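This report concerns only the one structure given below.
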Amino acid sequence: EAQVTQNPRYLITVTGKKLTVTCSQNMNHEYMSWYRQDPGLGLRQIYYSMNVEVTDKGDVPEGYKVSRKEKRNFPLILESPSPNQTSLYFCASRRGGVMGETQYFGPGTRLLVL
Amino acid sequence: AQKITQTQPGMFVQEKEAVTLDCTYDTSDQSYGLFWYKQPSSGEMIFLIYQGSYDEQNATEGRYSLNFQKARKSANLVISASQLGDSAMYFCAMRETDNYGQNFVFGPGTRLSVLP
């Protein structure tokens, strides 16, 4: 089954404790992105990757890191989480080259930073 | 300035009636794409419909259609014959061609409630 998986689905942590949210897709997609969703703001792009070892900042990159060492994986790293990073996070992937190609979203990760 | 505006934070519709969810956008690109997604209470993002800026016909997918008015920069989603399962958040999104088409911007969403 074609899918994007994220782990963990739910996470409660404390300020300053490093964490990683994993994302994996099995569709051989070139493009992958991370978004955060906050009430009234919709989804905002954090980082994206156009292929292995090619990443760039989205609209809200502060406090986050990413890496793309393999095509299928695109982990999101919070080196020192803060309460304002409490949010719902989505990973997404899509094929390259076609404007009409939708993104495929993972199930989301709910993060609470105390 | 907001690139995607959804002016209706919440909407109610009676079951079996049609409903229009508004979306206006702002771009200087000639080539862009507009998407609608549904997010039920379970949280997943479900792709509904796509409209390309050069498409001459309005997009349709089953009960979903997109009322695309390019000159007004609007891309309203029309849901015909609403069902209880249509109750969800709906997001309008735009993909521009800048930066290899990686600019994917979402609106704040509209929460639709279908009444029995």
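Readers should treat all values here as calculations from the given coordinates under stated rules, not as data from a laboratory. Worth saying up front: this structure is predicted, and the values here are computed from it rather than measured. Cβ coordinates were reconstructed from backbone atoms using ideal geometry, including for glycine residues, and neighbour counts include every protein chain displayed.
Can you confirm whether A:Val21 is more than 11 Å from chain B (Cβ to nearest Cβ), buried (at least 16 other Cβ atoms within 10 Å of the Cβ), of a type in the set (A, V, I, L, M) and not in a strand (DSSP E or B)? Even if it seems obvious, please write down each step before you answer.
Numbers: more than 11 Å from chain B (Cβ to nearest Cβ): yes; buried (at least 16 other Cβ atoms within 10 Å of the Cβ): yes; of a type in the set (A, V, I, L, M): yes; not in a strand (DSSP E or B): no.
For A:Val21, the condition - more than 11 Å from chain B (Cβ to nearest Cβ), buried (at least 16 other Cβ atoms within 10 Å of the Cβ), of a type in the set (A, V, I, L, M) and not in a strand (DSSP E or B) - is not met.
Kindly check whether there is at least one residue in segment A:75-84 that is over 24 Å from B:Leu34 (Cα atoms) and in a helix (DSSP H, G or I). Checked against the condition, which is being over 24 Å from B:Leu34 (Cα atoms) and in a helix (DSSP H, G or I), segment A:75-84 yields at least one hit. Could you go through segment B:28-37 and let me know if any residue there is in a strand (DSSP E or B), closer than 18 Å to A:Gly100 by Cα and more than 12 Å from the chain's Cα centre (by Cα). Taking every residue of segment B:28-37 in turn, at least one turns out to be in a strand (DSSP E or B), closer than 18 Å to A:Gly100 by Cα and more than 12 Å from the chain's Cα centre (by Cα). Cβ-Cβ contacts under 8 Å between residues 6 or more apart (or on different chains), taken from a first residue in segment B:42-70 that is closer than 30 Å to A:Thr5 by Cβ to a second residue that is of a type in the set (Asp, Glu) and assigned to a strand (DSSP E or B), are listed as B:Leu48/B:Glu61; B:Ile49/B:Glu61. Of all the numbered requirements in (1) surrounded by fewer than 20 Cβ atoms within 10 Å (Cβ to Cβ); (2) under 17 Å from B:Ala18 (Cβ atoms); (3) of a type in the set (Ser, Thr, Tyr), B:Tyr90 misses one, and that requirement is (1).
Counting only strands (runs of 3 or more DSSP E) that fall entirely inside segment B:62-112 and contain at least 3 residues that are of a type in the set (Ser, Thr, Tyr), no element qualifies.
If you go through segment A:63-98 and keep only what is among the β-branched types (Val, Ile, Thr), within 14 Å of chain B (Cβ to nearest Cβ) and in contact (Cβ under 8 Å) with a residue 12 or more places away in the chain, you end up with just A:Val66.
For segment A:99-110, indicate whether the set of residues that are surrounded by fewer than 19 Cβ atoms within 10 Å (Cβ to Cβ), more than 9 Å from chain B (Cβ to nearest Cβ) and more than 17 Å from B:Glu44 (Cβ to Cβ) is non-empty. For segment A:99-110, residues surrounded by fewer than 19 Cβ atoms within 10 Å (Cβ to Cβ), more than 9 Å from chain B (Cβ to nearest Cβ) and more than 17 Å from B:Glu44 (Cβ to Cβ): absent.
Is there a residue in segment A:44-60 that is β-branched (Val, Ile, Thr) and buried (at least 21 other Cβ atoms within 10 Å of the Cβ)? Yes, there is a match, as at least one residue in segment A:44-60 is β-branched (Val, Ile, Thr) and buried (at least 21 other Cβ atoms within 10 Å of the Cβ).
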